[in-house]
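**Student:** Right, I'll just put the structure down here and ask away after.
The values are calculated or read from the model by the stated rules, or taken from the named source; none is laboratory data. Predicted model only: the values in this text are computed from it and were never measured. Neighbour counts are summed over all protein chains in view; Cβ atoms, including those assigned to glycine, are modelled from backbone coordinates with ideal geometry. Keep in mind that these areas ignore ligands, DNA and RNA; they rest on the heavy atoms of the full protein, side chains included. Shrake-Rupley method; radii C 1.70, N 1.55, O 1.52, S 1.80 Å.
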Amino acid sequence: MTVSKNGLQEGIWSSGAEEKEFQQRGYAILNVFPQSVIEKFWEIYRKEFRRPTEGESMHGYVVGLDDSDSDRVGKISEKLISLAKPHLEKKLGEFQCVVASFLLKEVNENNFTGVHQDWSFVDEQKFYSVTLWCPLVDVSLENGALGVIPGSHRWYEGIRPSPVPPYSPPYSHLSAEMFSYLQLKEMQAGEALMFDHRLLHGSPPNRGQKDRVVVGMVLTHARAKLMHYYLIPKSPVPTVEALSIDSNFFHIYGNLKLKSLYEKGEGPLIEKRNSIQVQSFSSPNWEKKYCLSRLKSDKVFPHPELSYLWEKAFSTSESSKDSVSLKSRVNMIRPSFWKLYTPINIFRELKYRLFLRRRIRQRCKRVSFLYDGYFEDFKNTYGDVIQSFRTQDVEGLLSYLWKKLKIKSGDVVLDAGSGVGGPALYFAKRACFDLHTLSISARQHLVLSQEVEKRTDLLANIIPRLGDYHMAPDYYGDNFFDLVYFLESFGHSPEKEHLLSVLWRILRPGGILYIKDLFKRRVSHKKEQRIIDKEVQKINLAYAYDVSDLEQLLASARKTGFIIRHLSTIDIPVEDFENIQISPEFERLSGLNLPDPRVPYLFPLDFFELKLYKPSYSTNFNPSQYFLQKEYEEKV
């Protein structure tokens with residue numbers, strides 16, 4: 001395979017680290033389109049898109065490229081690309097937009113999109129191509145969110161011709177089993193999932209109340225020559241034509257048109273480049289044993305509700321012969337109804353869906369408003385390092401943190417709640433590693449992104465992202481980071497036990513979670529404790545915070561599976577301590593949390609640093625001695 005100097009295919013990302021991450025996982029989630037662009041997408045859809053008549057769509061799923069009016073297909077494509085391209089240019093490097101259309105999934109409990117790969121669009125020995133999948137409505141399991149199988153684009157490198165059918169992919173015998181392994185990506189309207197065309201993907205039916213409308217766009221490298229591979233009709237052995245094309249080809253030839261030509265024994269009226277005889281589209285990589293072992297090694301696990309939906313749909317299908325044969329191939333273990341839907345499980349699910357996610361979203365809005373609305377006050381008071389506990393010379397604190405974090409060259413690190421990036425920029429000058437940053441504040445994210453662009457003294461590769469750290473697995477996937485750190489940002493979470501489970505997922509085995517934060521102070525005198533509790537409530541209200549209870553946090557961490565490596569107060573010389581003088585100055589400027597002179601005051605906080613360790617071994621190896629983690633790492 002022809003690759004670039006860094007060992008990768010010629011890609012389209014402007015950042016080398018993002019390119020490497022994408023080629024490893026096969027997908028990424030972007031947040032590039034503002035609301036104004038989404039509204040214009042909707043306007044084009046309502047004015048230009050033709051809904052099919054009854055019988056023209058299969059179970060209510062419509063691909064815009066299958067429209068028989070090529071002029072309309074081309075017109076919609078040009079309008080969508082002209083809107084999207086300026087925003088994509090801010091994120092991507094050398095790329096071209098090939099074609100764009102709408103994908104409509106109507107409300108229909110049977111409109112599954114089975115596990116599949118997309119056509120080959122380029123010579124994949126040199127380049128790759130992708131789909132940018134941007135829903136115009138919020139998507140979830142209920143209305144057909146897209147699911148992917150991470151890393152599956154590396155399983156098989158054969159060409160994927162049209163039309164489908166009669167082309168039958170080599171994994172068709174496993175499609176039922178693999179459907180349950182889809183990792184659904186719940187997204188908000190305007191977010192975009194970009195995935196390699198070789199990546200296995202699919203979606204459950206739309207069981208919601210409204211149509212699921214998506215903008216789909218094909219992208220590839222600017223220097224890639226467009227190709228289309230067409231299965232030659234009536235050939236005694238499988239033979240594919242490799243056609244050299246331009247983007248106008250897709251305005252004329254959708255899969256339905258190509259299928260019609262194939263059935264007539266014809267092909268597209270394009271100059272043929274050459275014919276490729278294919279002995280078989282199968283591969284040892286598609287054997288059941290191989291696929292299941294890859295899924296297990298990549299830590300991709302089945303989704304019980306997807307298994308249930310698939311089996312329920314096809315076991316009750318009207319075409320009983322097909323459904324019985326399909327069901328016989330479904331080798332899934334699904335809990336019985338009463339085991340899956342116990343009263344406690346129903347209560348937990350309702351609690352999660354109705355309350356937890358809502359609380360998190362409401363808190364995120366408050367935190368975003370705090371840092372965006374008081375941006376200048378934070379900047380004028382704290383500078384680039386928004387920390388209550390700090391040294392008089394802030395570089396002393398950053399130097400202390402660098403020693404504590406023990407970042408090594410080659411590590412992949414997340415700064416969760418990075419602010420304007422003062423600590424991240426300091427650390428990035430000291431070693432070569434990948435440093436991802438997450439901020440919920442659009443203004444802070446913009447400042448950091450601009451600073452990273454103009455800095456020339458950074459050894460580390462900083463990849464800023466605007467987002468919510470509760471959603472980190474959707475951004476980065478599982479087992480991605482060597483280190484995740486929170487510097488007085490952990491307390492913004494209203495659901496810390498849930499957040500710990502999220503962090504467990506994104507940390508690699510052997511990874512470290514570092515938390516420097518403020519905790520509720522505990523005293524023996526009840527009256528003093530009541531005063532402290534009230535002061536903590538005021539802090540929480542003013543700063544969209546939830547000051548942690550140390551004992552509760554430690555219990556939640558241990559329950560999640562973390563091992564406590566280190567807990568201490570922050571060990572800096574007393575003479576260097578800033579003595580919390582800067583926070584009152586900020587409160588005076590902003591008007592937030594001003595003290596009431598009529599109420600007695602006790603300092604309500606303790607500052608601790610906590611290191612949690614995700615074991616790189618099974619704690620079942622010797623459960624009675626799990627705490628001897630170093631010894632058992634060596635043995636295992």
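**Student:** Please list, ordered by chain and number, the residues whose modelled amide H lies under 5 Å from the amide H of Trp13; skip anything fewer than 5 residues away on the same chain.
**Tutor:** Those qualifying (amide H under 5 Å, at least 5 residues apart or on another chain) are Gly93.
**Student:** Now a separate question. What is the distance, in nm, between label points placed 7 Å from the Cα along the Cα-to-Cβ direction at Lys403 and at Ser172?
**Tutor:** So the two model labels end up 6.6 nm from each other.
**Student:** DSSP loop trypsin sites (Lys or Arg not before Pro) in segment 363-429 with at most 16 other Cβ atoms within 10 Å of their Cβ, which ones? Walk me through the numbers before you get to the answer.
**Tutor:** Details: sites: Arg363, Lys365, Arg366, Lys379, Arg390, Lys403, Lys404, Lys406, Lys408, Lys429; in loops: Arg390, Lys406, Lys408, Lys429.
Here the sparse-neighbourhood loop sites are Lys406, Lys408, Lys429.
**Student:** On to the next question. As a test question: what accessible area, to the nearest 10 Å², does Met178 have when a 1.4 Å probe is rolled over all protein chains in place?
**Tutor:** For Met178, solvent-accessible area is about 10 Å².
**Student:** Relative contact order for segment 164-258: what is it in percent, counting Cα pairs under 8 Å that are at least 6 residues apart?
**Tutor:** Relative contact order for segment 164-258 comes out at 18 percent.
**Student:** Output wanted: per-residue J couplings in Hz (rounded whole) for segment 439-455, from phi through Karplus 6.51 cos²θ - 1.76 cosθ + 1.60, θ = phi - 60°, x for Gly and Pro.
**Tutor:** Per residue, the Karplus-derived 3J(HN,Hα) values read 9, 8, 8, 5, 6, 5, 4, 5, 4, 5, 4, 5, 5, 4, 4, 9, 6 Hz.
**Student:** Of the options Leu503, Gln387, His492, report the single residue whose Cα projects farthest towards the positive end of the charge dipole of segment 382-518 (beta-carbon charges: Lys, Arg +1; Asp, Glu -1).
**Tutor:** It is Gln387.
**Student:** Moving on. Calculate, for segment 91-184, the solvent-accessible area per residue in square angstrom, rolling a 1.4 angstrom probe over the heavy atoms of the protein chains.
**Tutor:** Value returned for segment 91-184: 27 Å² of accessible area per residue.
**Student:** For the cross-link pairs Lys225/Lys454; Lys126/Lys225; Lys75/Lys257, which exceed 22 Å when the distance is taken from alpha carbon to alpha carbon?
**Tutor:** Lys225/Lys454
**Student:** May I ask you to compute the full-extension gain from His525 to Val237, defined as 0.36 nm times their residue separation minus their alpha-carbon distance, rounded to one decimal in nm?
**Tutor:** 95.0 nm
**Student:** Can you give the extra length, in nm with one decimal, that the chain gains between Leu554 and Arg46 once fully stretched, where that is 0.36 nm per residue apart less the Cα-Cα distance?
**Tutor:** Between Leu554 and Arg46, full extension yields an extra 177.6 nm.
**Student:** Turning to a different aspect of this structure: Which distance in nm do the two modelled labels at Leu602 and Phe369 give, with both placed 7 Å along the Cα-to-Cβ direction?
**Tutor:** With each label point 7 Å from Cα toward Cβ, the separation is 3.2 nm.
**Student:** So, taking all protein chains as they sit and a 1.4 Å probe, how much accessible area belongs to Arg357, in Å² rounded to tens?
**Tutor:** Only protein atoms counted, so the area is about 70 Å².
**Student:** Can you give the FRET efficiency to the nearest 0.05 for Glu109 and Lys225, using r as the Cβ-Cβ distance and R₀ = 35 Å?
**Tutor:** After rounding to 0.05, the efficiency reads 0.25.
**Student:** In whole percent, and with a 1.4 Å probe on the protein chains, what portion of the accessible area of segment 436-490 is carbon and sulfur?
**Tutor:** 52 percent
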